[in-house]
1. Order the peptides 344-351, 455-462, 380-387, 6-13 from the highest to the lowest mean number of other Cβ atoms within 10 Å of their residues.
2. Nearest 5 is fine: what % of DSSP beta bridges in the chain come out antiparallel, could you say?
3. Would you mind calculating the gained length between Asp267 and Thr383 on full extension (0.36 nm times residue separation, minus the Cα-Cα distance), in nm to one decimal?
4. Could you tell me which residue out of Pro164, Pro187, Ser279 lies farthest along the dipole of the chain toward its positive end? Charges go on the beta carbon: Lys and Arg +1, Asp and Glu -1, centred on the Cα centre.
5. Could you give the nm distance between label points at Asn412 and Val499, where each point is 7 Å from its Cα heading toward the beta carbon?
6. Taking 37 °C and 0.692 mPa s as the conditions, I'd like the Stokes-Einstein D for region 153-259 in µm²/s, using the Kirkwood hydrodynamic radius from alpha carbon pairs.
7. Taking R0 as 45 Å, what's the FRET efficiency between Thr362 and Asn473 from their Cβ-Cβ distance, rounded to 0.05?
8. Quick one: grab the alpha carbon gyration tensor of region 1-143, order the square roots of its eigenvalues as a ≥ b ≥ c, and give me rounded if a/c is under 1.5, else prolate or oblate depending on whether a/b is larger than b/c.
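Throughout, read-outs are computed from the coordinates displayed, never taken from laboratory work. Quick caveat, the model's predicted, so the values are computed rather than measured. Here Cβ is always computed from backbone atoms with ideal geometry, including for glycine, and neighbour counts include all displayed protein chains.
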Amino acid sequence: MTSGTTKIVNHWIGGRPVENAAGASGTYGPVTDPATGAVTTRVAFATAAEVDTAVAAAKEAYATWGQSSLAQRSAILFKFRALLDANRDGIAELITAEHGKVHSDALGEVARGLEIVDLACGITVQLKGELSTQVASRVDVASIRQPLGVVAGITPFNFPAMVPMWMFPIAIACGNTFVLKPSEKDPSASVKLAELLAEAGLPDGVFNVVHGDRVAVDRLLEHPDVAAVSFVGSTPIARHIHTTAAANGKRVQALGGAKNHMLVLPDADLDAAADAAVSAAYGSAGERCMAISAVVAVGAIGDELVAKIRERAEKIKIGPGTDPSSEMGPLITAAHRDKVASYVTGAAAQGAEVVLDGTGYTVEGYEDGHWIGLSLLDRVPVTADAYQDEIFGPVLCVLRAETYEEGLALINASPFGNGTAIFTRDGGAARRFQLEVEAGMVGVNVPIPVPVGYHSFGGWKDSLFGDHHIYGNDGTHFYTRGKVVTTRWPDPSEAPAGVDLGFPRNH
């Protein structure tokens, strides 16, 4: 549906698009093209009543979907996977248009989401139960896993296709029905996924999308028919999600923010480390929770490493995501751009050395876009705001440490524990690091250690609230609950008088 030249993105409830209850006079939010700053789309904002409608549709669908066969679920997911693969370019274009990331980054996002769909297609293996026979005379014990019911996902702007696919494929493969509340900043990809699921034959109401702000979120957190909530976003919101949903009796996995460190030891290949630091810090404009935002240089290598990072960073081409030559796009909003810039402009006063200042950067012909250049800060004090906060932009901090132990202590003192990496040629040092560092995901000469789909993703400390990581085996466990069945059957030779089952009475 369009109004003039502005596209309208509506909710998806019960297998079809649904306009706001108040129609054209309902509440809508703007969606901008980050490269131009122009409002290109209006997205419907759900009321609490509209969230209730989506949950009711999911609850009604669960009555049959929760009892459906594994073969039926897998068949639909295989069709969805094929459609997703065939439409990956179109989905990537939607991501670039609303998020701003370059097309290659958007394609990579879809590919990583496909990994989880692959896992969901083979969910039959993860849902196998256990059986112990003859635990006592004629007594067997079986453990099985069953779906929860209606579950919800609340997802961030930085990966509008991938993060929802970290959640709903596994949830619906396990027999649950799903209500997604995507970011209102880039909502179109989620609706496209809903359309592809419907085309694949997913029954109406199994997957629903409601757009909006805190009104929609809080209603999902308190709704009595929502059994579990998955969330990815900032730490303050993750804490609110966990506290509120748990208080309402729900299972919660809430993934929060990060300050990911890369420890570079004196024996490291500095060219490889510099390449990794640039790609991990500035890729996707730094708007990812697994970005490397702090490099800890150990010993005397700091100056050389910073020079190599600067040399590479200065060559990165910034431009609209639709330009194939662009290596980094704009930030999602002007407000976010200004906030990111403030960490750079205030860095020197807080003791950091500003090696590269990307503030004030513009792209010719796109002057109203949400642009910022690459920034590199050296000798950053741990007390500086640029180190303390999750900036979520293309700003890399370099800190210095004299020894491995000092660098490790610095990393472990951070309240965040999402991901980390070490660059070294020494296997013993790498082994110590992976055991001693306090983070949920560790890379050894790998700057962004995002696990493949069949291993779970999640951090420690203020980067995760709840007991389960996302996708992988933890995902299956989160979206199911265990049941243990103990049975005892009398021997057939003990059948009542007059009932002959063909067994000898002296068996």
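1. 6-13, 455-462, 380-387, 344-351
2. 45 percent
3. That works out to 38.9 nm of additional length.
4. Positive-end residue among those listed: Pro164.
5. 6.4 nm
6. Estimated diffusion coefficient is 235 µm²/s.
7. After rounding to 0.05, the efficiency reads 0.45.
8. Note, shape of region 1-143 comes out oblate.
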